[in-house]
Amino acid sequence: MENEINILIVSCSVLISLIGLFFVLKIWLVWKNVDKTVLKARVFLDSSFLTKNWIFVFMAGAFIAIRRVMQLLELLESPLISTPVKIIGDLMGLAVIVLLVLLAYYWYRLVYSTIK
């Protein structure tokens with residue numbers, strides 16, 4: 001059962017990361033046409049955009065740190081690490097991917113609004 005859940009979580013991670021790759025590639029392809037001064041102004045004048053960015057980066061970093069602690073406990077053969085805890089760790093990995101894709105999506109929207 002644990003293996004099937006891991007396969008499902010990793011499959012979702014791969015699919016979502018491909019969506020994120022799409023946003024990043026779209027940004028990269030139009031980057032030379034972006035008015036950088038307008039982009040800078042929009043980034044720093046839109047406090048909700050900055051707030052979302054910081055929240056996403058903070059949450060992704062926190063999930064990564066928690067997962068690394070869990071991995072360390074697993075390597076030390078801690079009795080705290082059980083199957084449900086491993087699944088929660090995999091879900092945190094999925095959450096990191098989702099947060100990074102959301103971050104790319106918000107940047108994609110912002111960049112496309114500043115094309116010359």
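Helix 2-30 axis versus longest C-alpha principal axis of the chain: approximately 10°, rounded to the nearest ten. Could you work out how far helix 83-112 tilts from the main Cα principal axis of the chain, as a 0 to 90 degree angle to the nearest 10? Roughly 0 degrees between the two axes.
Net charge dipole, the chain: roughly 840 debye, given to the nearest 20, about the Cα centre with Cβ charges of +1 for Lys and Arg and -1 for Asp and Glu. Once the dipole of the chain is set up with Lys and Arg at +1 and Asp and Glu at -1 on Cβ about the Cα centre, which of 23, 33, 48 lies farthest towards its positive end? Toward the positive end, the furthest listed residue is 33. The residue among 83, 105, 12 whose Cα reaches farthest toward the positive pole of the charge dipole of the stretch 1-115, with charges on the beta-carbon of Lys, Arg, Asp and Glu, is 105.
Computed from the coordinates I sent, P(r) over Cα pairs in 5 Å bins from 0, in percent equals one of (1) 2, 10, 12, 14, 17, 17, 14, 8, 4, 1, 0; (2) 2, 10, 14, 16, 11, 9, 8, 5, 5, 5, 4, 4, 3, 2, 1, 1, 0, 0; (3) 2, 11, 16, 17, 17, 12, 9, 7, 5, 3, 1, 0. Tell me the label. So the calculated entry is the one marked (3).
Axis angle, to the nearest 10 degrees, between helix 36-45 and the longest C-alpha principal axis of the chain: 60 degrees. Between residue 85 and residue 22, the contour length at 0.36 nm per residue exceeds the alpha carbon distance by 19.5 nm.
No value in this document is a laboratory result; all are computed from the given coordinates. Values in this document were obtained by computation on a predicted structure and should not be read as measured data. Note: ideal-geometry Cβ built from the backbone for every residue, glycine included; neighbour counts use all protein chains shown.
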